[in-house]
Amino acid sequence: MDKNHQMWSDLGMDLETHDLLCEALPGAYGDVFLSQKNRPECMDYFEMVAADIHGIRPAELIEEQKKGRKVIGTFCVFVPDEVILAADGIVTGLCGGSQFWVPEGEKVLPANTCPLIKASVGARLGRTCPYFRIADMFVGETTCDGKKKAYEILGEDVKMHIMHVPNGQRPQDLAAWTDEIKIFIKEIEEFTGNKVTIEGLNRSIHIVNEKRRALARLYEARKNACVPISGTDALLIMQIAFFDDPERLTAQVNRLCDELEQRIKDGNSVVDKKAPRILITGTPLAVPNWKMHNIVESSGAIVVCEENCTGTRYFAHDVREENATIEEAAEALTDRYMGNIHCACFSPNEARLDDVVRLAKEYKVDGVINLNLKFCNLYATENYFVERRLKEEGIPCLSLETDYTDSDAEQLRTRVGAFLEILGDA
Ligand code: BJ8
C-alpha cells in the first residue's frame, strides 16, 4: 500500500474513491492548465500542490496533529484565521468546488441547495475528501440560510462552532461581531488548550497581513496592459491560499510576483494585447471550480480580476497591527472583516457595487461577467442592483448562473462568445 493509500485508509476513507480522484483530477487539471501557453515558471510550486492536492498537504496536517496541533476547517472569509493561528492551530478552507461530492450532499439536503453547500456536506459525510476528515473542528457562520441549516447537519458528525454574522454594518453590528470574535477566541483556546495572548495575536495578524500583501501584489500585476499571468492560474493560487501554510504561501506568491514584474518590464504577456479584459464578480469559485475561467480564456479573452471571496474580498485591506490588548485586536479584526468583505448577506450591500465599479476601472476591463452558483438566492437577488449599476456606469455586463456539472458548458461557451463579440465591436 503506498503512502497516500495508507493515509486514506487510516482516515477511514474509501480507497476506490482515492483511485477515482487520482485518475480524474490530473486529467481535469491537465486539460485546464497544462495546455496554457507561456505559463510563468514560478507556477511550478502551485502546480505541484494542485497535482497532489490529496496527498502532500493532508500528510503535513496529520504530521502536525501528531505533535498536538489542531486543524480547524472553515467555510467563509468572515472567519478570522488570525485567531486560530494565535492558538497554534492550523486553518484549512473546506468549501467544496466539485460535482464529485454533490450527490452525497443531496442525500441529506434539498436538491435546490447551492452546489457549494451540497459538495461541502457531501465531502464530509461521504468520507471522500481528506481535508474534511482531518479537520478536528469545523467553524461555520450564519451567512446564508442554506449554510446555516447545513451546519446543523454537519454538527451531528463533527465538532462545530458557529459564528453569528450580523446582516449589516451598523455600529451595533460591528460591536456584535467584536463580541463574536471574543467568543471565538475563548472557544479556540479551550479546544486547542493554548492561550491566545496579545503577542501571539499580533504575530498572527502580521503573518496573515503579509499573505494579503503578497496576494494584492499578484493582483496588482494583473492590472497591467501586459498581462503576465492567466486568470486561471491566478485563481488556482487563490484557491491554494485557503489551505496552504500561510508563510510558505506568502514566500511562493512573492517569488512568483518577482517573475511577473520582470515579465511586465519585458513586455511578456500571456495574451494578445487586444484580448478583451474581463472581471468576474459573484459567488466564490472553490477548488477545483475552474469552469468559467477556462471557458473565458479558451475563448480568447483574459480574466484580470475576481470580485468575489476567492478573489479581492479575500485579501483587500490589512488588519491594524501592534494592538495593545485583546479587545483592541478584536476591534481591529472587526474593522477589517466586517468593514471590507461586501458579501450579499448584508442588507443593504451598496459597497459591493462600488467595489465592482472601482475594480472594473482599476483593472481597465472591457466587460464584467456576473457569475452566480445556481440556487444562491442572495447573489441572484443582488443581480438586480449589480446589473443596474453597471448599466448606469456604461460597463457591459453578462449575468450567468451555473453549477458544478459540465452539462451547460457548451451553452455557457456560446453566451460568453457572443458577449466577447459585442465587446470586440464596441
Ligand atoms: S462572505 S460569499 S464565503 S458567505 S454561494 S453558500 S452565499 S447559497 S459562499 Fe460566501 Fe462567506 Fe459571503 Fe464570501 Fe450561500 Fe450563496 Fe451558496 Fe455561498
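The values are calculated or read from the model by the stated rules, or taken from the named source; none is laboratory data. Everything quoted here is computed from the prediction, not taken from an experiment. When we count neighbours, we look across all protein chains shown, and the Cβ atoms used for this are built from the backbone with ideal geometry, even at glycine.
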Checked ARG358, ARG313, ARG320 against criteria (crowded, with 18+ Cβ neighbours inside 10 Å and among the basic types (Lys, Arg)); the one match is ARG313
Criterion first (within 15 Å of the ligand (Cβ to nearest atom) and touching a Leu at 6+ places or on another chain (Cβ under 9 Å)) does CYS76 satisfy it?
no
Residue pairs, Cβ under 7 Å, 6 or more apart or interchain, first in the range 69-85 and over 14 Å from VAL208 (Cα atoms), second small (Gly, Ala, Ser) and within 13 Å of the ligand (Cβ to nearest atom). List them.
THR74/GLY93; PHE75/SER120; PHE75/GLY140
Any chance you could count how many residues in the range 349-371 are touching a Cys at 6+ places or on another chain (Cβ under 9 Å), within 14 Å of the ligand (Cβ to nearest atom) and not in a helix (DSSP H, G or I)?
2
Near pairs, Cβ below 6 angstrom, 6+ apart or cross-chain, from the range 363-388 (farther than 24 Å from PRO276 by Cα) to any residue that is modelled with pLDDT of 95 or more and part of a strand (DSSP E or B)
LYS374/GLU401; TYR379/GLY282; TYR379/ASN372; ALA380/ASN372
What tally of residues in the range 79-96 results from selecting those that are at pLDDT 95 or above and either part of a loop (DSSP other than H, G, I, E, B) or within 12 Å of the ligand (Cβ to nearest atom) (or both)?
7
Find the residue count for the range 321-343, including only residues that are in a loop (DSSP other than H, G, I, E, B) and free of Cβ contacts under 8 Å to residues at least 40 places away in the same chain.
1
For the range 120-138, check the following and say yes or no: at least one residue is in contact with a helix residue (DSSP H, G or I) (Cβ under 9 Å, 6 or more places away or on another chain) and at positive phi.
yes
For residues that are part of a loop (DSSP other than H, G, I, E, B) and within 18 Å of the chain's Cα centre (by Cα), scanning just the range 97-112, find the one that is farthest from ASP406 (Cα to Cα).
GLY97
Output the residue which, of all residues in the range 389-409 that are in contact (Cβ under 8 Å) with a residue 60 or more places away in the chain and assigned to a strand (DSSP E or B), is nearest to the chain's Cα centre (by Cα).
THR402
Expected output for the range 133-155 (first residue away from the ligand (no atom under 15 Å from the Cβ), partner assigned to a helix (DSSP H, G or I), Cβ below 7 Å, 6+ apart or cross-chain) is ILE134/PRO58; ILE134/LEU61; ILE134/ILE62; MET137/PHE191
